[in-house]
1. Would you please name the residue that is surrounded by the fewest Cβ atoms within 10 Å (Cβ to Cβ), looking only at residues in region 244-265 that are β-branched (Val, Ile, Thr) and under 30 Å from VAL280 (Cβ atoms)?
2. Quick test for you: out of ARG309, ARG367, ARG313, ARG372, pick the one residue that is away from the ligand (no atom under 16 Å from the Cβ), under 12 Å from GLY193 (Cα atoms) and not small (Gly, Ala, Ser).
3. Looking for whichever is of a type in the set (Lys, Arg) and either surrounded by fewer than 14 Cβ atoms within 10 Å (Cβ to Cβ) or within 18 Å of VAL108 (Cα to Cα) (or both) here; the options are LYS39, LYS32. Which one fits?
4. Can you tell me how many residues in region 317-361 are away from the ligand (no atom under 14 Å from the Cβ), among the hydrophobic types (A, V, I, L, M, F, W, C) and assigned to a loop (DSSP other than H, G, I, E, B)?
5. Inside region 170-229, counting only strands (runs of 3 or more DSSP E) that do not spill past its ends, which hold 3 or more residues that are outside the structural domain of GLY384 (by TED's automatic domain parsing), farther than 17 Å from ALA366 by Cβ and among the β-branched types (Val, Ile, Thr)?
6. Has region 279-286 got at least one residue that is modelled with pLDDT under 85, in contact with a Lys or Arg (Cβ under 6 Å, 6 or more places away or on another chain) and not in a helix (DSSP H, G or I)?
7. Report yes if some residue within region 48-70 is within 30 Å of VAL321 (Cβ to Cβ), in contact (Cβ under 8 Å) with a residue 12 or more places away in the chain and not polar (S, T, N, Q); otherwise report no.
8. Out of PHE53, PHE8, PHE57, report the one residue that is surrounded by 12 or more Cβ atoms within 10 Å (Cβ to Cβ) and touching a Leu at 6+ places or on another chain (Cβ under 6 Å).
Amino acid sequence: MPTVALRFTFKPNEKINHLLDACGQMTQQAVKWALDNRKTSTHTIVKALYPTFREQFPKLHSCWAQKATRTAAAIVHAFQRRQRKRRRKGEGEKEGDKGSERPRIKKVWVYVDKSTFRWEWDGEYLTVRIRVLARDKAPVVLRFRPHHKYRRYVEAWARGECDWGEPTLSRSRLIIPLKFPDLSPYAPRTLIGVDSNERSLDVFIEAGGECKLDTAYVPLVNAEHDKRIQRGCRGKHNPKAKAKIQRKHGALRRQKTEAFWHAVALRLIWMALSCGGALVVEDLKGLKGRIRGKPKRMRRRLLNQWSIRRFLRLLKDKAEVYGVPMIEVNPAYTSQTCPVCGESLRGREELVCRCGLRMNRHAVAARNIARRGKKQLPLEGTKGSLGESRKLFVRRQSLSAGRGSWVLLVALPLPLFGAVRREAQATA
Ligand SMILES: [Zn+2]
């Protein structure tokens with residue numbers, strides 16, 4: 001179930017500031033109590049502290065005490081999770097690190113109870129009313145005019161197409177999580193084998209057709225940032241400084257490749273929807289552990305594969321959203337077996353078989369992957385319909401890709417971004 005968080009910003013409001021002052025105090029007390037007594041369930045904390053809170057803030061709607069406690073529980077849980085993670089990573093903490101003993105609440109925020117929260121959508125403005133006091137005659141009114149990208153979500157919400165979770169409120173922000181249900185996958189009419197390679201995705205559609213998606217952008221970005229890391233680390237001996245540079249470039253590299261993989265994934269989803277096929281992909285498991293301590297060239301190769309694994313994850317998420325069936329198969333020997341007679345083949349670029357087959361090895365792999373997927377048919381739980389999936393795709397993508405031009409999105413060459421595009425053009 002994909003979740004979208006709608007974030008709205010508003011001008012500081014006196015009533016909300018008062019409310020958050022009160023909630024902040026309650027949250028702080030609840031966090032302190034939870035850590036002192038080693039109890040972290042909302043229910044237990046509320047039971048212990050509710051009378052005190054009512055005494056302190058008798059005018060507030062009683063929900064706020066409850067929600068401030070829930071906020072505190074969430075803060076404590078997140079804090080404990082961070083601590084566990086740090087411990088698992090090894091003794092990375094320094095002695096006397098005060099910050100790790102207690103969570104600090106930097107920005108006050110609180111969950112909003114649904115019973116104190118009313119919203120209305122008139123096609124242009126989203127009006128939110130939040131009751132602060134018990135029997136509040138004058139609730140806080142916030143009016144938002146959603147950005148066009150948000151509008152479709154708000155409209156879907158108003159139509160009742162999605163669930164919504166508890167909003168969170170801070171001094172100038174309101175965040176409303178929307179949860180959209182997944183479509184059930186449709187029964188596939190055909191299979192689409194996708195073979196991932198260093199510089200391309202090779203696609204074979206069983207019903208007829210094959211194509212190659214050029215993904216050379218990703219190794220280009222990886223190489224570029226490798227180069228920059230090297231350049232940045234030159235002459236530096238402090239491991240911390242080196243790590244900082246690596247972190248920075250790691251993040252940049254991820255951002256760039258992610259945006260690219262999103263576009264590729266969308267295109268594959270569209271392909272599957274247009275021919276009613278199931279996507280068959282390689283099941284690449286246990287890669288990250290193999291990266292460490294490998295020679296540099298090997299590492300780059302594996303890193304690229306790691307990127308592909310993230311892409312497959314992304315593709316899977318999208319497939320779930322749109323109800324496209326997806327099959328994972330073992331990729332072993334897929335580029336060394338003849339897709340016609342099953343003979344094992346050798347060769348670097350072109351494979352030749354005794355049965356007369358002559359084909360590029362990537363194309364062979366895509367065919368074999370599709371074939372392996374066929375063995376897993378029929379799929380379970382394919383109750384959805386192709387029509388519904390297509391409708392959803394068109395509705396979402398036409399809006400996100402700019403008013404009905406989604407056909408262009410899938411027909412154009414894959415997008416390249418910024419400096420690497422120029423580099424790619426120069427080498428092409
Ligand atoms: Zn053969």
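1. Going through region 244-265, the residues β-branched (Val, Ile, Thr) turn out to be 245, 257, 264.
Then drop every residue that is not under 30 Å from VAL280 (Cβ atoms), which leaves 257, 264.
Details: THR257: 24, VAL264: 20.
Top of the filtered list is VAL264.
2. Working: ARG309 fails: under 12 Å from GLY193 (Cα atoms); ARG367 fails: away from the ligand (no atom under 16 Å from the Cβ); ARG313 fails: under 12 Å from GLY193 (Cα atoms).
The unique qualifying residue is ARG372.
3. Working: LYS39 fails: either surrounded by fewer than 14 Cβ atoms within 10 Å (Cβ to Cβ) or within 18 Å of VAL108 (Cα to Cα) (or both).
LYS32 is the lone residue from the list that is of a type in the set (Lys, Arg) and either surrounded by fewer than 14 Cβ atoms within 10 Å (Cβ to Cβ) or within 18 Å of VAL108 (Cα to Cα) (or both).
4. Residues flagged as away from the ligand (no atom under 14 Å from the Cβ), among the hydrophobic types (A, V, I, L, M, F, W, C) and assigned to a loop (DSSP other than H, G, I, E, B) within region 317-361 amount to 2.
5. Values: elements: 173-179, 190-196, 200-205, 210-214.
Here the list is empty.
6. yes
7. The initial filter retains those residues of region 48-70 that are within 30 Å of VAL321 (Cβ to Cβ), namely 70.
Retained after the next criterion (residues that are in contact (Cβ under 8 Å) with a residue 12 or more places away in the chain): 70.
Restricting the remaining residues to those that are not polar (S, T, N, Q) gives 70.
There is at least one residue in region 48-70 that is within 30 Å of VAL321 (Cβ to Cβ), in contact (Cβ under 8 Å) with a residue 12 or more places away in the chain and not polar (S, T, N, Q).
8. Working: PHE53 fails: touching a Leu at 6+ places or on another chain (Cβ under 6 Å); PHE57 fails: touching a Leu at 6+ places or on another chain (Cβ under 6 Å).
Within the list PHE53, PHE8, PHE57, the selection yields PHE8.
The values are calculated or read from the model by the stated rules, or taken from the named source; none is laboratory data. In this text, all values refer to a predicted model and were calculated from it rather than measured experimentally. FYI the Cβ positions are ideal-geometry reconstructions off the backbone, even for glycines, and counts take in every protein chain you see.
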